[in-house]
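Participant: For reference, the structure I am asking about is given below.
The values are calculated or read from the model by the stated rules, or taken from the named source; none is laboratory data. Predicted model, so just to flag it, every value in this text is computed and none were measured. Here Cβ is always computed from backbone atoms with ideal geometry, including for glycine, and neighbour counts include all displayed protein chains. Heads up: the accessible areas ignore ligands, DNA and RNA and are worked out on the full protein's heavy atoms, side chains in. Shrake-Rupley method; radii C 1.70, N 1.55, O 1.52, S 1.80 Å.
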Amino acid sequence: MGIESWKPVLAALLLPPVPLLLLVLVGARLILWQRFMGWMLVLLSVILLWLGASTGVGEWMGRAFMSQPPPLSAERIAALKKAAAGGKPGVVVLMLGGGREAFAPEYGVASLSDPSLERLRYGVWLSRETGAPMMFSGGLGHASEPGTTEADVAAEIAQRDGCENAGREVLAHADHRGVHARDAGSAQHHRIGG
């Protein structure tokens, strides 16, 4: 059993709310010896738990600490189009996966989460605008049910929703062995990176 198998357990123990719940228990135990300090620790922990669970604090933290990158300007898109047309190596539209639904009842198969669908839509548009090949990264993730990878779901959606040149578009997926690229029109897998 390697460190990879312990990753989900360690993440669950180190991420909220577990540390704050442990702090509540420490404060409750501390009440026996130092009543004031124990109650303050319990009160502080409960307030932090409440703030951590509130939507308003989450939205404020998102605005304060995570700024949206600016959209690509028309000049930047034109430069990418020129570089892709010139055959410059390394020009590719890479979309990072944002999750998948193991089963979407409305389609009867797996589907992408909303963030992944937005990224796929923009990536397909950008690939069409620039002429650059596109790649989508996304595997199964830790503790996921076995099934279709996120990149394979993206390939199916891109083909189903009428991406022109879907047979030539390059889609990629990641698993525990590395990153692979797959031509959406064939079953060949090519290893890139390691």
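Participant: Mind listing whichever residues of the stretch 31-59 are over 30 Å from G141 (Cβ atoms) and either touching a Phe, Trp or Tyr at 6+ places or on another chain (Cβ under 9 Å) or among the β-branched types (V, I, T) (or both)?
Facilitator: Across the stretch 31-59, the qualifying residues are I31, V42, V46, I47.
Participant: Checking A172 against (1) surrounded by fewer than 18 Cβ atoms within 10 Å (Cβ to Cβ); (2) modelled with pLDDT under 50; (3) among the small types (G, A, S), which single condition isn't satisfied?
Facilitator: Going through (1) surrounded by fewer than 18 Cβ atoms within 10 Å (Cβ to Cβ); (2) modelled with pLDDT under 50; (3) among the small types (G, A, S) one by one, A172 breaks only (1).
Participant: Would the stretch 86-95 turn up any residue that is in contact with a strand residue (DSSP E or B) (Cβ under 9 Å, 6 or more places away or on another chain) and in a loop (DSSP other than H, G, I, E, B)?
Facilitator: Yes: one or more hits.
Participant: For the subset of the stretch 52-81 comprising residues that are of a type in the set (A, V, I, L, M, F, W, C), in contact with a helix residue (DSSP H, G or I) (Cβ under 8 Å, 6 or more places away or on another chain) and part of a helix (DSSP H, G or I), which member is farthest from R119 (Cα to Cα)?
Facilitator: Within the stretch 52-81, the match that is farthest from R119 (Cα to Cα) is V57.
Participant: Right, something else. Do we find that S5 is out of contact with any His (no Cβ under 6 Å at 6 or more places or on another chain), polar (S, T, N, Q) and assigned to a helix (DSSP H, G or I) in this structure? Break it down stepwise before answering.
Facilitator: Values: out of contact with any His (no Cβ under 6 Å at 6 or more places or on another chain): yes; polar (S, T, N, Q): yes; assigned to a helix (DSSP H, G or I): yes.
Judged against the criteria, S5 is a match.
Participant: With respect to the numbered conditions (1) of a type in the set (V, I, T); (2) open to solvent by 20 Å² or more (accessible area, probe 1.4 Å); (3) touching a helix residue (DSSP H, G or I) at 6+ places or on another chain (Cβ under 6 Å), which one is the sole condition not fulfilled by V93?
Facilitator: Every listed condition holds for V93 apart from (2).
Participant: List the pairs whose first member sits in the stretch 70-84 and is on the phi > 0 side of the Ramachandran plot, whose second member is outside any helix (DSSP H, G or I), and whose Cβ atoms are under 8 Å apart, counting only residues at least 6 apart or on separate chains?
Facilitator: Listed pairs, sorted by first residue: none to list.
Participant: Which residue out of A85, A78, A74, A64 is under 26 Å from the mean Cα position of the chain (by Cα) and open to solvent by 50 Å² or more (accessible area, probe 1.4 Å)?
Facilitator: A64
Participant: If only one of L49, L23, L41, L32 is assigned to a helix (DSSP H, G or I), open to solvent by 50 Å² or more (accessible area, probe 1.4 Å), at pLDDT 90 or above and not hydroxyl-bearing (S, T, Y), which one is it?
Facilitator: Result: L23 is the single residue among L49, L23, L41, L32 that is assigned to a helix (DSSP H, G or I), open to solvent by 50 Å² or more (accessible area, probe 1.4 Å), at pLDDT 90 or above and not hydroxyl-bearing (S, T, Y).
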